[in-house]
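Q: After the structure tokens below, expect a handful of questions from me.
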Amino acid sequence: MDYVFLKSYYEKEIKLTNDLLNQISQYNIIALFSSIQFVPHMENIMEQLQAKYPDKKFITSKPSRTNAKFQILGCNVYEKNFEFNGTVPECYLYIGDGVFHPQAIVLSQKESEKLTPVVRFNPRNDSIKIFTEDDIVVILRKYRAGLLKFLNAENIGIYITTKVGQQQYEFSKKIKEIYPKKNFYFFASETLDIAGLEDFPFIDTWINTACPRISLEDNAEFNLKMINIDDAMRVKEIISKDCILTRI
């Protein structure tokens, strides 16, 4: 099979509105991100922001696994992905449409004591949306239940994807050293069918090693409990924290 990769950037000029500029005026350190379609506009957007607020600090980074500065992936649901080198933003400003990518920024804060506001500016219609804990409450409550079930589970299934760039089989084997009294069973396939996992009733709960959003939003739609491999490695540490995830 042949593949042709085409660039599909947003081509219209992006001009920030006064409503948006007023919305972010209360913050002094603002982290700026977008999806890949809007990345070519981000330097100009940064210039607009700095011209309006020369005394404020606007930061960004090249999050892990991205191809460009300013770009965020939907799988960037861990704060360590953003790499701010010690600078703590007071607000995140996301330029783009949809909710999938800015919601990743919200989910990345699940182990924080409080939520840093996430403001989305949609340049297609100049609309503004503020993301809060209410946008993720159902997701995180079910995920927290999955963490607790994992601690009490005896037979655990580990889903391994064969997709290039997501395969974590060698890394996932380390979990047997952390929990030597649990039984781990490895299941490999290219595409995960969550409903199909119910065909293995002897499995008490599941660990996902593919895209972490599967264990969050996708899993919230099923009765199946599933957590991400990174969190499975340190469940006790996570649930002992006073953070958004344990309070929500």
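The values are calculated or read from the model by the stated rules, or taken from the named source; none is laboratory data. Computed from a predicted model, the values in this text were never measured in an experiment. All Cβ positions, glycine included, derive from the backbone under ideal geometry; neighbour counts span all protein chains shown.
Q: Of all the helices (runs of 4 or more DSSP H) wholly in the range 201-248, which have at least 2 residues that are acidic (Asp, Glu) and outside the structural domain of residue 115 (by TED's automatic domain parsing)? Let's see the steps before the verdict.
A: On the way: elements: 229-232, 235-239, 244-247.
Qualifying helices (runs of 4 or more DSSP H): 229-232.
Q: Can you find a residue in the range 98-111 that is part of a helix (DSSP H, G or I), touching a helix residue (DSSP H, G or I) at 6+ places or on another chain (Cβ under 8 Å), under 18 Å from residue 139 (Cα atoms) and among the β-branched types (Val, Ile, Thr)?
A: For the range 98-111, residues part of a helix (DSSP H, G or I), touching a helix residue (DSSP H, G or I) at 6+ places or on another chain (Cβ under 8 Å), under 18 Å from residue 139 (Cα atoms) and among the β-branched types (Val, Ile, Thr): present.
Q: Related question: Can you tell me how many residues in the range 44-62 are in a helix (DSSP H, G or I) and either in contact with a helix residue (DSSP H, G or I) (Cβ under 6 Å, 6 or more places away or on another chain) or farther than 21 Å from residue 14 by Cβ (or both)?
A: Number of matching residues: 1.
Q: Mind checking whether some residue in the range 10-24 is in contact with a strand residue (DSSP E or B) (Cβ under 8 Å, 6 or more places away or on another chain), more than 30 Å from residue 243 (Cα to Cα) and without any contact (Cβ under 8 Å) to a residue 12 or more places away in the chain?
A: Within the range 10-24, not a single residue is in contact with a strand residue (DSSP E or B) (Cβ under 8 Å, 6 or more places away or on another chain), more than 30 Å from residue 243 (Cα to Cα) and without any contact (Cβ under 8 Å) to a residue 12 or more places away in the chain.
Q: For the range 173-185, how many residues meet the condition of being within 30 Å of residue 103 (Cβ to Cβ) and in contact with a strand residue (DSSP E or B) (Cβ under 8 Å, 6 or more places away or on another chain)?
A: Result for the range 173-185: 1.
Q: For the range 149-158, indicate whether the set of residues that are over 17 Å from residue 234 (Cα atoms), at pLDDT below 95 and either part of a loop (DSSP other than H, G, I, E, B) or not aromatic (Phe, Trp, Tyr) (or both) is non-empty.
A: Taking every residue of the range 149-158 in turn, none turns out to be over 17 Å from residue 234 (Cα atoms), at pLDDT below 95 and either part of a loop (DSSP other than H, G, I, E, B) or not aromatic (Phe, Trp, Tyr) (or both).
Q: Working carefully through the options 108, 127, find the one that is in the same structural domain as residue 27 (by TED's automatic domain parsing), exposed (fewer than 15 other Cβ atoms within 10 Å of the Cβ) and under 24 Å from residue 36 (Cα atoms).
A: 127
Q: May I pose another question? Failed condition for residue 168, given (1) surrounded by 19 or more Cβ atoms within 10 Å (Cβ to Cβ); (2) at pLDDT below 95; (3) not hydroxyl-bearing (Ser, Thr, Tyr), with all others met?
A: (1)
Q: Could you say which residue among 96, 146, 86 is of a type outside the set (S, T, N, Q) and surrounded by fewer than 13 Cβ atoms within 10 Å (Cβ to Cβ)?
A: When all the criteria are applied, what remains is 86.
Q: Criterion first (within 24 Å of residue 125 (Cα to Cα), of a type outside the set (Asp, Glu), crowded, with 17+ Cβ neighbours inside 10 Å and in contact (Cβ under 8 Å) with a residue 60 or more places away in the chain) does residue 33 satisfy it?
A: yes
Q: Tell me which of these residue 65 doesn't satisfy, since it passes every other one: (1) surrounded by 14 or more Cβ atoms within 10 Å (Cβ to Cβ); (2) closer than 22 Å to residue 216 by Cβ; (3) out of contact with any helix residue (DSSP H, G or I) (no Cβ under 7 Å at 6 or more places or on another chain).
A: (1)
Q: With respect to the numbered conditions (1) touching a residue at least 12 places away in the same chain (Cβ under 8 Å); (2) part of a helix (DSSP H, G or I); (3) closer than 22 Å to residue 101 by Cα; (4) not aliphatic (A, V, I, L, M), which one is the sole condition not fulfilled by residue 134?
A: (1)
Q: Taking the stated definitions as given, is residue 177 of a type in the set (D, E, K, R) and either assigned by TED's automatic domain parsing to the domain that holds residue 65 or more than 21 Å from residue 104 (Cα to Cα) (or both)?
A: For residue 177, the condition - of a type in the set (D, E, K, R) and either assigned by TED's automatic domain parsing to the domain that holds residue 65 or more than 21 Å from residue 104 (Cα to Cα) (or both) - is met.
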